[in-house]
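Undergrad: Provided herewith is a single structure, encoded as C-alpha cells, for subsequent inquiry.
Read the figures in this text as sums done on the coordinates, not as results from a lab. Since we're looking at a predicted model, the values are computed, not measured. Reconstructed Cβ throughout: ideal geometry from the backbone, glycine too, with neighbour counts over all protein chains shown.
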Amino acid sequence: MMTLTAMSLSLSLSLLGASPGAPDGKALFTSKRCTMCHSVVSEDIKAPADTKMTIVDLSGLSAKRKADWLKAYLEKKEKLDGKAHPARFKGDAAELEALSNWMATIKPAP
C-alpha cells in the first residue's frame, strides 16, 4: 500500500510531467554536449569559453516552440529557416523526450 508521502510525491511528479527514474532534460543538455553550440542564459548554462562555434542562446525557447516540434527538429524531421539541425540527437527515446520537454520550458533571460 502506498503511503501518503509516496502518493504526494508521485502526484507532484506527474503534474510536473516527470516520472520517477525519468531522465533529466537539463542534465542531458549538458551531458549530450549541447553546450558546444548553445547556451541557456536564463538557466545559467554557458558554452565553453574556448569554443570556436557561434553560440546560440536558447533562452525564451518556450515562447517559440513546443516539445513535439523540438523533438522532431532534433531528429532532423523538422527544419528551422529551411535548415535541419546540424546533428541528429544521439540518445534513446526517453532521453529525447526528456530533453525536448525540458527545452520547451526554457524561459527568457531576465
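Undergrad: Where the centroid of each part is defined by its Cα atoms, how far is the range 22-50 from the range 52-106 in Å?
TA: So the separation of the two Cα centres works out to 12 Å.
Undergrad: So what is the relative contact order for the range 23-103, in percent, with contacts set as C-alpha pairs under 8 Å and at least six apart?
TA: Normalised by residue count, the contact order of the range 23-103 is 35 percent.
Undergrad: Between residue 52 and residue 64, what is the label-to-label distance in nm when each label sits 7 Å out along the Cα-to-Cβ direction?
TA: 2.6
Undergrad: Looking at this model, which pairs from 32/77; 77/107; 66/90 are more than 22 angstrom apart at the alpha-carbon?
TA: 77/107
Undergrad: Suppose the chain between residue 22 and residue 90 were pulled fully straight at 0.36 nm per residue; how much longer would it get relative to their current alpha carbon spacing?
TA: Full-extension gain reported as 22.8 nm.
Undergrad: Given the C-alpha atoms of the range 24-110, compute the convex hull and give its volume per residue in Å³.
TA: Per residue, the Cα convex hull of the range 24-110 comes to 95 Å³.
Undergrad: Tally Lys/Arg at +1 and Asp/Glu at -1 over every other residue whose Cβ is under 13 Å from the Cβ of residue 36; what's the total?
TA: Neighbour charge sum, excluding residue 36 itself: +4.
Undergrad: Among 34-45, 72-83, 54-65, how do they line up by average Cβ neighbours within 10 Å per residue, starting with the highest?
TA: 34-45, 54-65, 72-83
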